[in-house]
Amino acid sequence: MRCMRSVALLLPLCLLPQDPIRTSFAVLAGFDWTAGMKLPDEVTKLDSKKVQLGGFMMRETPGSGPVAQFLLINDACGCTGTPKMNEIVFCAMPDGTTTEIKNGVVQVTGTLYVGEQKEEDEVIAIYVMDVDTIQ
Amino acid sequence: MTQPLARAPRALLAAFFCAWLAGDAHAQAPKADAEDWSKHVEKACTSPRYGLRLAAAKKVAQGGDAAIPAVLAWAEKNGVNTLPVALVEAIADSGGDGQLQLDALHAWALDRDFYWRAQALRGLALRARKDEALRAKFAPVFAQFVEDPAWLMRTFARWMSFDPKHDFDVETAQGQVVRTPESDPRARTKLAMLRGDARELFFALGDTRTFLGDSWGKRRAAEAIAALKSLLGTDGGYRIDDSASGASLPDAAKAGSLAGAEADNGMALARLADAIAQRDGGGKPEFARNSDSKLTFLGGIETLSCKNGDLFLRWTADGLVEGGASPDCPTSAQIAPTRWSELLRTSTQMQLPPQNGVVICDKMRIQIRPDLPQSAVAPESLPGPAAEWLKQLAAAIEESGQTPLADALRQRLGQFVSPATQVR
């Protein structure tokens, strides 16, 4: 009975929102990615976790106005080269919401999904995030 | 207005394209090529999915000379700057040595108005390093850009032109000897990566500097540790995010005065220093910490231009302006108090939309005051009031005695100011 009571007392603690894990592109992009490779434990352990990550927002295609999806990258303009797959987090806003592309470094919090995603037989993403907040 | 210098490569490219249309180039393409390269090029340029654009770009690059006419046709029809960086980079990195690819890369590298000319020059460099005849052929091209204002362009040019042991000694095509050491930390690290200079890379590991919130120093350190891992076969366990604030981390770690992740990082640095000393046969490289000063900056501007080079400027509440062509802002100017008070007063009347124009490559990031969000500005899109304010800032910088910095700001304004606004 006492044991049951303890579980009942601890249960609400488990339901409290988890603090996001602070991560960075140094971790996400810290390896040479090739299609089909086994991703390092350092990144797979972040799969489905709530994380916070800093970077620059970039549109997936040039344009203006609010977006429902955006890329989070580690470089202000990408002028030094094409961001590699493991240097990009594909971010999706909550259903029905959009955001302006903010300038400068932003901190994005959300649930990160790690693993190759394919379309037309090509890897189109390794990191995808369901965004909660952008600061 | 198009500069005369920029017309030459365009004319070269146009003539080259016409020759292909006439059938000359077609004769050099593989005969059994059944691919519709125009579809792949279109996908590389327009697919709404980044990953698909990237994959299509790689496919086009792997198509070699057979795919180049479709790339040129796209550029001819839509403008060369609609070619995405991923496509040019893929051709530069993984394309073959076919004549059409070489000609395209050559023409793009010479085109000052082409956003991705540095990537094209890299393509020439990669090929020239494997082929002495190409190296000799393109040597004047590389020498031409060793003083280019765009740091990436300069880096590839210097990689191919300088003897690493005599870093700033090259004879240009005009017979002049250039003796300017590379001062941009980003370029120094990139050059070290290309050359496999482990000591310079080790030096970059301690960089944590920022500009307008951008941790460019950590990005530099991350590039350096990745390159060191490739060179030495190990990163020693070093983690960028766990770096400490002390100046002599390896020594402190060995002495046991650090704890946790800091201690691990200190030991990792010590291991890396040992590995570098063993590899090079010299003494152990010194670890140096490069961190931000204690100054608080109210605002600043960052202009990134593949064409004109970068300019960084930031200012404090007291009118101290730091700036330069690299994000470490090597030059400073103290604005006279009355002049600065007036600039601060007028800054409070300014509002900038978050986006000004559509940014493709060259861009300005601007924060006039800390209470306003940062704005992005595409070329020819800077609104009049902000342009006028920056013009006044340039005048104030000049009055403080830093004329080159003031001139650099005026030059960048020329690129970003909306045509409706005149800045003199």
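Read the figures in this text as sums done on the coordinates, not as results from a lab. Computed from a predicted structure; not experimentally measured. For neighbour counting, all protein chains shown are included, and Cβ atoms are generated from backbone atoms with ideal geometry for every residue, glycine included.
Take B:Ser375, B:Ser332, B:Ser341, B:Ser347 and order them by how many other Cβ atoms sit within 10 Å, fewest up front.
B:Ser341, B:Ser332, B:Ser347, B:Ser375
Could you please report the charge total around B:Gln334, scoring K, R as +1 and D, E as -1 over all other residues with beta-carbon less than 14 angstrom from its beta-carbon?
-2
What translational D, rounded to a whole number of µm²/s, comes out for region A:18-134 from Stokes-Einstein when the hydrodynamic radius is the Kirkwood one over Cα pairs, at 25 °C and 0.890 mPa s?
For these conditions, the coefficient is 169 µm²/s.
D for region B:34-176, whole µm²/s, Stokes-Einstein with Kirkwood Rh over alpha-carbon pairs at 4 °C and 1.567 mPa s: what number?
The diffusion coefficient I find is 83 µm²/s.
Give the long-range amide H neighbours of B:Leu382: residues separated by 5 or more places, or on another chain, with amide H under 5 Å away, using H modelled in the peptide plane at 1.01 Å from N.
Distant-sequence amide H within range of B:Leu382: B:Val417, B:Ser418.
Would you work out the relative contact order for region A:18-134, in percent, from Cα pairs under 8 angstrom that are 6 or more residues apart?
29
Explain nothing, just the number: relative contact order of region A:70-135, from Cα pairs under 8 Å at least 6 residues apart, as a whole percent.
36
Roughly what percent of Cα-Cα pairs across region B:293-412 reach past 27 Å?
9
I need B:Lys294, B:Lys190, B:Lys137, A:Lys102 ordered by Cβ neighbour count within 10 Å, fewest first.
Ordered from fewest to most neighbouring Cβ atoms within 10 Å, B:Lys294, B:Lys190, B:Lys137, A:Lys102 come out as B:Lys294, B:Lys137, A:Lys102, B:Lys190.
Which of the lysines could a cross-linker bridge to B:Lys77, judged by Cα under 30 Å and excluding same-chain residues fewer than eight apart?
A:Lys84, B:Lys31, B:Lys39, B:Lys43, B:Lys58, B:Lys59, B:Lys307, B:Lys363
If you add up the charges near B:Gly51, with Lys and Arg at +1 and Asp and Glu at -1, over every other residue whose beta carbon is less than 12 angstrom from its beta carbon, what do you get?
0
Could you list A:Val123, A:Val89 in order of exposure, starting from the residue whose Cβ has the fewest other Cβ atoms within 10 Å?
Fewest-to-most Cβ neighbours within 10 Å comes out as A:Val123, A:Val89.
So for region B:260-334, taking the charge dipole from beta-carbon charges (+1 Lys/Arg, -1 Asp/Glu), which of B:Ala317, B:Leu272, B:Asn290 sits furthest toward the positive end?
B:Leu272
Could you tell me the center-to-center distance, by alpha carbons, between region B:274-344 and region B:362-418 in angstrom?
Region B:274-344 and region B:362-418 have Cα centres separated by 17 Å.
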